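I have placed the structure first, in the form of structure tokens, so that the comments after it can refer back to it.
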Amino acid sequence: MGVFRMPSLGADMEAGTLVEWLKQPGEGVKSGDIIAVVETQKGAIEIEVFETGTIQSILIPAGRTVPVGAEMAVIASPAPAAGSMPTAPMAPPPTPEATPVAIPVAKAVLAPTAPLGGARPASPAARHFAAKHGIDLAGIDGSGPDGAIVYVDVEKAWQARQTVAAIPAAPPKAAVVPDSATAMRRAIAAAMTRSKREIPHYYLGHAVDVTATLAWLATNNAGRRPEERIVFGAMLLRALAASLGDYPEFNGFHRDGRFAPSDRIHVGMAVALRQGGLVAPAIHDADKLSLDRLMAAMRDLVNRVRAGRFRGSELADPTITLTSLGELGVDWVLPVIYPPQVAILGAGSPAERSSIVEGRVTVRKICQLTLAADHRASDGHRGALFLRAIAKRLENPVQP
Amino acid sequence: MTRDQIKQILIEEIGNIAPEIDCANIQENAELREELDIDSIGFLNLVIALAKRLSIEVPEADYRRLDTLAGAVDYLAAKAGAAENH
């Protein structure tokens, strides 16, 4: 017998609103199943249960605001109890030693409901959003299975209603800031304020010659269909994940006054949202994925994040974060550590710079890496070695 | 497929990448990636979508031909025209 509790979906989260249960008493669940949808400042998030069994009772009805850690449901274990069963926490426990089974990156699960007045079925998150913003679902095209209306369809329709001034020569601005954007801004503000208040950051920077890597990518991608092409960001991810094994003091959580390294490597990827805001959900076990799988996971994650669909475990689990400014940005970033993590790697846009190779001036592609780390968990000397290890992997692409 | 049809499809797919933008009014010579703030993943999604809808695979070496709306339509029309002539 176990109790399912409200999981923490980010360092800044204290409570969430339970939108809908996707499993009912009497239904069986297995570890990794999505059990409910919770609305937070980051949007509607599907939360997973990490136990196998049968739902015995639901303790909190939909619509309530639930604090993190509160008991939500009782799950009966499948095996008959031979004696007293130890109560184990259902949500991913805060200590790194008991991180959950890696959740495969999958599409959002819909619980199709009875059509509203003859209209197409809509997901619970979509109905909740529509009710909250006074939107008639009958006028919305669904992009989900069998034409079902999903959250992103309703959100798009609602955003389309807000006046968007299209200025072709300048970046577009929304005339009205939607509620969800303001909530996102508050969430970022809370996390970043806490970070700057609590974490003694130190910073290291390094200019990395990525000419060989970019050339290797171009050659590799030349024969590939678009779906299989690899972007530079995936190489950054791979270099970071591969280097963490030797530098555990940069991979884990600082909580309750002490640092605990994680035995798994889940790299959070900072993804900028088009409507403003930033989330950094995890790619689980990034060190164990081949380059192709890493790229597929990265593309899938970015697309789901931008569509507003991500999972609780993806938000709660990053053991370190990568923030890459892509090819549009600036030379370097001084990143802010996302608590309770203890490090963050920043990567600027690769740019052509004059450089000296074997005593001669030449033009190379240079990417500025920056490492921000928590001085309670590590020192600059180790930070420098860690950064050099990442740089070395980026300078010499190893064949996958 | 006509040039206008290609342009329409391109605008639609750009709209999928940048839904908050009024894509019908994109200036022909605006730099797509900068003006619309499309990053490498967004651009890759666009290339994938164009491959599906127009059956045209844009190799990485040709990405620069898609820098502007006008340039992209020219490039895609040429590729589509070339396919029809065979």
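On each of the three principal axes of the Cα atoms of the range A:250-400, give max minus min coordinate, whole Å, ordered largest first.
Cα spread of the range A:250-400 along its principal axes, largest to smallest: 51, 37, 32 Å.
Specify the residue with the greatest mean-square fluctuation among B:24, B:49, B:70, computed from a Gaussian network of chain B linking alpha-carbon atoms under 10 Å apart.
B:24
For residue A:279, what residues show an amide H to amide H distance below 5 Å, using hydrogens built from the backbone and excluding near sequence neighbours?
Under 5 Å from the amide H of residue A:279 lie the amide H atoms of A:271, A:273, each far enough along the sequence or on another chain.
Which whole-number percent is the relative contact order of chain B (Cα, under 8 Å, 6+ apart)?
That works out to 35 percent.
By count of other Cβ within 10 Å, fewest leading, how are A:259, A:129, A:232 ordered? The partial results should precede the final answer.
Working: A:259 17, A:129 28, A:232 21.
Exposure proxy ranking, most exposed first: A:259, A:232, A:129.
Ordered by residue, what ³J(HN,Hα) values in Hz, to whole numbers, does the range A:135-142 give under the Karplus form 6.51 cos²θ - 1.76 cosθ + 1.60, where θ = phi - 60° and Gly and Pro are x?
9, 7, 5, 4, x, 10, 7, x
Assign one of three labels to the range A:235-319, namely rounded, prolate or oblate, based on the Cα gyration tensor with a ≥ b ≥ c the square roots of its eigenvalues; rounded applies when a/c is under 1.5, prolate when it is not and a/b is larger than b/c, and oblate otherwise.
Working: a/c = 2.28, a/b = 1.32, b/c = 1.73.
Cα axes put the range A:235-319 in the oblate bin.
List, in order, the whole-Hz ³J(HN,Hα) value for each residue of the range A:344-359 obtained from phi through the Karplus relation with A = 6.51, B = -1.76, C = 1.60 and θ = phi - 60°; use x for Gly and Pro.
8, 9, x, 9, x, 6, x, 9, 6, 9, 6, 8, 10, 10, 6, x
Would you please give the residues with an amide H less than 5 Å from that of residue A:264, counting only those at least 5 places away or on a separate chain, with H modeled from the backbone geometry?
none
Can you pull out the GluC sites (Glu not before Pro) in the range A:263-359 whose DSSP state is coil and whose Cβ has at most 13 other Cβ atoms within 10 Å?
When the GluC sites (Glu not before Pro) of the range A:263-359 are filtered for loop state and at most 13 Cβ neighbours within 10 Å, A:358 remain.
Can you pull out the trypsin sites (Lys or Arg not before Pro) in the range A:1-71 that DSSP calls coil and that have at most 14 other Cβ atoms within 10 Å?
Here the trypsin sites (Lys or Arg not before Pro) that fit, given the DSSP loop and packing criteria, are A:30, A:64.
Given N residues in the range A:214-267, what is Rg(Cα) / (2.2 N^0.38 Å)?
Computed over Cα atoms of the range A:214-267, the ratio equals 1.62.
May I ask you to derive the relative contact order of the range A:249-400, considering only C-alpha pairs under 8 Å and at least 6 residues apart, and to give it as an integer percent?
Details: 272 pairs, mean separation 32.5, N = 152.
Worked out over the range A:249-400, it gives 21 percent.
Would you mind estimating how fast chain B diffuses translationally, via Stokes-Einstein at 25 °C and 0.890 mPa s with the Kirkwood radius over Cα pairs, in µm²/s?
Calculated translational D: 191 µm²/s.
If I take every Cα pair under 8 Å that is 6 or more residues apart in the range A:192-307, average their sequence separation and divide by the length, what percent do I get for the relative contact order?
20 percent
For residue B:68, enumerate residues with amide H under 5 Å from its amide H, sequence gap 5+ or separate chain, H modeled in the peptide plane.
B:32
Can you list the HN-Hα couplings for the range A:198-204, worked out from phi with the Karplus curve (6.51, -1.76, 1.60; θ = phi - 60°), rounded to whole Hz and with x for Gly and Pro?
For the range A:198-204, the Karplus curve yields 9, 9, x, 6, 10, 10, 9 Hz.
Just so you know, all these numbers are worked out from the coordinates, no wet-lab data involved. Remember, predicted model here, so these are calculated numbers, not experimental data. No Cβ is skipped: glycine too gets one built from the backbone with ideal geometry, and neighbour counts run over all protein chains shown.
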